[in-house]
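Chemist: The structure is given below, and queries will be raised subsequently.
The values are calculated or read from the model by the stated rules, or taken from the named source; none is laboratory data. Everything numeric here is computed off the predicted structure, so don't read it as measured data. So basically every Cβ, Gly included, is an ideal-geometry build from the backbone, and we count neighbours across all protein chains shown. Side chains are part of the model used for accessible areas, which takes the heavy atoms of the whole protein and leaves out ligands, DNA and RNA. Shrake-Rupley method; radii C 1.70, N 1.55, O 1.52, S 1.80 Å.
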Amino acid sequence: MTVPNLVLNDGNYIPALGFGTYKIRGDHGMQQILSAIRDGYRALDTSTNYDNEGIVGEAIRRSGIPRGEFFVTSKLPGKYHHYEDALLSIQESLRRMGLDYFDLFLIHWPLPKRGLYHEAWQALVTAQKMGLVRSIGVSNFEPEHLDKIIADTQVIPAVNQIELHPYWTQEKMLAENKKRGIITEAWSPLGRASASLKEPLIQDLAKKYNKNAGQIILRWHYERGIIPIPKASSLIHQRLNLDIFDFALMPNEIAAITALNKPDGRINDQDPNEYEEFE
């Protein structure tokens, strides 16, 4: 299946749907990633904190597909927010993966209580100039965090990856990202074990379009200009998650799904202004 590309603000292209690797580890996990690649995924999303960069890189090598056809993302953990630590961490991540460059590298969390995310961003700007990273971005950043790093460097993140699903629709952050020319990626785009998959509205739309509930939600993301990064261990779900580009939701249906938003819809109440990232 062919996944469309979107254009980032730096002129690079990014697939409109990616494959998340959170909690996918070990040799069995490597086989799951390899099967996803064989099904057509080219955008692979990992992180130093996922402890699986090595198997993602190994799956890329074993696939036999040229490196240039992949879009590989990893993320910087909070313990490496100091400038020099961040630069070294990026290089170490590349060595673990056996790659010469990342297509996208993100600061995983801003951790504003530590107050070092501006140093981390300076390091990503340097890494991009060094050719270690093609596009740079952030994850879980709020508007004030974005404005600080942009003011410090005059470099606008290409991507802001945030929690986003039908119970946490992030209308404000979507608008803030768009205003700055930043593409939004969604982590946990279906919600982790979310009841949203069982919502009558989504079930009805699944019947109407002859799709499953997950496909309806992923298409909802796509229609809103969001890049979803679903994780799927089963081969069937991997394939179904890719199969969302042959239909379109109506504007009123998109609005109805967005209206499912809940004030307490975050999965683990991870407020970016308060959250202290695991080490």
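Chemist: I'd like the full set of residues that are open to solvent by less than 40 Å² (accessible area, probe 1.4 Å) and assigned to a loop (DSSP other than H, G, I, E, B), limited to the stretch 200-224.
Modeler: So the first thing to find is which residues in the stretch 200-224 are open to solvent by less than 40 Å² (accessible area, probe 1.4 Å), and the list is 202, 205-206, 211, 213-221.
Once the filter is applied, which keeps residues that are open to solvent by less than 40 Å² (accessible area, probe 1.4 Å) and assigned to a loop (DSSP other than H, G, I, E, B), the stretch 200-224 yields only 211.
Chemist: Sort out which residues of the stretch 137-156 are under 27 Å from residue 91 (Cβ atoms) and touching a residue at least 40 places away in the same chain (Cβ under 8 Å), and write them in order of number.
Modeler: Result: 137, 139, 140, 141, 145, 156.
Chemist: Next question, about the same structure. Specify which of the listed residues (106, 197) is outside any loop (DSSP other than H, G, I, E, B), modelled with pLDDT under 95, buried (at least 17 other Cβ atoms within 10 Å of the Cβ) and not small (Gly, Ala, Ser). Even if it seems obvious, please write down each step before you answer.
Modeler: On the way: 106 fails: modelled with pLDDT under 95.
Among 106, 197, only 197 is outside any loop (DSSP other than H, G, I, E, B), modelled with pLDDT under 95, buried (at least 17 other Cβ atoms within 10 Å of the Cβ) and not small (Gly, Ala, Ser).
Chemist: Can you name every one of the strands (runs of 3 or more DSSP E) wholly within the stretch 1-48 that holds 1 or more residues which are open to solvent by 30 Å² or more (accessible area, probe 1.4 Å) and in contact with a strand residue (DSSP E or B) (Cβ under 9 Å, 6 or more places away or on another chain)?
Modeler: The qualifying strands (runs of 3 or more DSSP E) are 5-7, 13-15.
Chemist: Taking the stretch 226-270 as the search range and keeping residues that are open to solvent by 50 Å² or more (accessible area, probe 1.4 Å) and of a type in the set (Asp, Glu), which one is farthest from residue 213 (Cα to Cα)?
Modeler: Only one residue fits best here, namely 269.
Chemist: A follow-up question, please. Just one of (1) over 25 Å from residue 46 (Cα atoms); (2) under 19 Å from the mean Cα position of the chain (by Cα); (3) among the aliphatic types (A, V, I, L, M) trips up residue 201, so point out which.
Modeler: In the conditions (1) over 25 Å from residue 46 (Cα atoms); (2) under 19 Å from the mean Cα position of the chain (by Cα); (3) among the aliphatic types (A, V, I, L, M), residue 201 misses (2) alone.
Chemist: Go over the candidates 176, 185 one by one and state the one that is among the acidic types (Asp, Glu), open to solvent by less than 40 Å² (accessible area, probe 1.4 Å), under 26 Å from residue 115 (Cβ atoms) and not in a helix (DSSP H, G or I).
Modeler: Every option except 185 fails the conditions.
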